[in-house]
1. How much accessible area per residue does the chain have, counting only protein heavy atoms and a probe of 1.4 Å, in square angstrom?
2. What's the carbon and sulfur percent of the chain's accessible surface, probe 1.4 angstrom, rounded to a whole number?
3. Output needed: percent of Cα pairs per 5 Å distance bin for the chain, bins running from 0 to the one holding the longest distance.
Amino acid sequence: MNTSDPLPDALRDFVDSCQWTFAKTMPEWPHEYIVRKRVDENLFVRLVHHIRGHGYEGRFYRKPITYWGFGELVYWTMGAPIEETTIINRCKKEDTYEARLLKGTLPERTH
């Protein structure tokens, strides 16, 4: 997991200033997200580029996802082309699929 790539100051300020929303529809996978149309468009796109350019390939079950770790949090998108990406997600490192797989704490799949 590559967590050493620094976040430019403008993106750090953006991440810190965004109002992240808890994903209530997936309580078994605690995470939060921001929506592109509710935040600064330029900074959203820059953060997506940073995640994808400095991240690492991981999995969510069988789906490959590019994750990027920063501090105690991990960020990702769902992999759509940038012009179609509408959500950036984040969760605590211990709540990632890989961490929970290693600990044996994956929730039962319902879908």
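1. Numbers: 6860 Å² over 111 residues.
Averaged over the residues of the chain, the accessible area is 62 Å².
2. Numbers: 3550 of 6860 Å².
Exposed carbon and sulfur together represent 52 percent of the surface.
3. Result returned by the calculation: 2, 11, 23, 26, 21, 11, 5, 1, 0.
The values are calculated or read from the model by the stated rules, or taken from the named source; none is laboratory data. Note that the structure is a prediction, hence the values are computed from the model and not measured. Each accessible area value is taken on the protein alone, full model and side chains, heavy atoms only, with ligands, DNA and RNA left out. Shrake-Rupley method; radii C 1.70, N 1.55, O 1.52, S 1.80 Å.
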